[in-house]
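**Q** I'd like to ask some things about the structure below.
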Amino acid sequence: MATRIAIHGAGGRLGQLIASEAGNAYAGPVVPDAPIPGCDVVIDVTSPEGLATLLTRLDRQPLLVGTTGELPMAALEDYAARAPVAIVPNFSAGVPLLLELIQRAVASMPDDWSVEIVEAHHDQKRDAPSGTAKRMQRAVADAGGRADPPTHAIRLGDTVGEHTIWLSGPGERLEIKHVATRREVFAIGALRWASWLGQQPAGLHRP
């Protein structure tokens, strides 16, 4: 049986795509001054401020956070003590593979090599660097690299999303890159993550 979702931010570009992709599994939007629709998982794709407000209204519903930026972590951790919460800055299927490749490459690269991250998005994206770029930074650190590799953000036109890590040594360079070419991949991925989250115990998950 499909996981029924409610969307906080259903009127936005990504929210509309998720609702369309969900079909009959879409329980409805989460809007001010109205009860939260009965659902298995609430998906938030608004803003850090919108997410903070949402957390005051939830009652143990599993929460999938696709919002990026300076998230209200204290409130998220408090809510996660009572319900499953997942913070997933990029819903695509390829980014988890990218993170795995980053960790393997950084752990194996010579000591005299350096690492930098470049990300590009459309010119309406507010946060920079992106949440995915920050997750890439954590992957570098987890593999034994520096905790704060230089990271560059580009905001240009209608770019859907590109994330590249450069590993460079004397006379050579390795690039590992993920490119999203259609926004629909994020909607498909959101439903995949929602299905996973609906089976998880209470706690804060940051895959």
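Any read-out appearing in this document is the output of simple, stated calculations on the displayed coordinates, not a laboratory observation. What you see is a predicted model, and the numbers here were worked out from it, not measured in a lab. Cβ sites come from the backbone with ideal geometry, for glycine too, and all protein chains shown count toward neighbours.
**Q** On C-alpha positions alone, give me the angle between the axis of helix 131-142 and the longest principal axis of the chain, in degrees, nearest 10.
**A** On a 0 to 90 degree scale, this one is about 50.
**Q** Roughly what angle does helix 13-22 make with the longest principal axis of the chain, taking Cα atoms, 0 to 90 degrees, to the nearest 10?
**A** 70 degrees
**Q** Of Gly169, Thr46, Pro149, which is farthest towards the positive pole of the chain's charge dipole, taken about the Cα centre with +1 and -1 on the beta-carbons of Lys, Arg and Asp, Glu respectively?
**A** Thr46
**Q** Place a label point 7 angstrom from the Cα of Asp111 along the Cα-to-Cβ direction, then list the residues of region 136-155 whose backbone nitrogen is under 17 Å away.
**A** 144-146
**Q** Run the helix sum for the chain: -39,500 (n - 2.57) per DSSP H stretch of 4+ residues, divided by residue count, reported at 222 nm to the nearest 500 deg cm²/dmol.
**A** Details: 6 runs with 67 residues, N = 207.
Calculated from helices alone, the mean residue ellipticity at 222 nm is -10000 deg cm²/dmol.
**Q** Follow-up. Taking the Cα-to-Cβ direction at Gln200 and at Leu174 and moving 7 Å from each Cα, how far apart do the two end points lie in nm?
**A** Roughly 2.9 nm, to one decimal.
**Q** Residues with amide H under 5 Å of His205's amide H, sequence separation 5 or more or different chain, H placed in the peptide plane at 1.01 Å from N; which?
**A** Val85, Ala86, Ile87
**Q** Multiply the residue separation of Gln124 and Arg60 by 0.36 nm, subtract the distance between their alpha-carbon atoms, and state the gained length in nm to one decimal.
**A** Values: separation 64, 0.36 × 64 = 23.04 nm, distance 3.26 nm.
Separation in residues times 0.36 nm, less the Cα-Cα distance, equals 19.8 nm.
**Q** For His8, enumerate residues with amide H under 5 Å from its amide H, sequence gap 5+ or separate chain, H modeled in the peptide plane.
**A** Those lying under 5 Å, H to H, from His8 are Val30, Ile43, Asp44, Val45.
**Q** What nm value, rounded to one decimal, do you get for the distance between Ala34 and Glu184 when each label is placed 7 Å out toward the C-beta?
**A** 2.7 nm
**Q** Over the chain, what is the percentage of antiparallel beta bridges among all DSSP beta bridges, to the nearest 5? Provide the component values of the computation, followed by the final result.
**A** Values: 16 of 37 bridges.
Counting DSSP beta bridges with both partners in the chain, the antiparallel share is about 45 percent.
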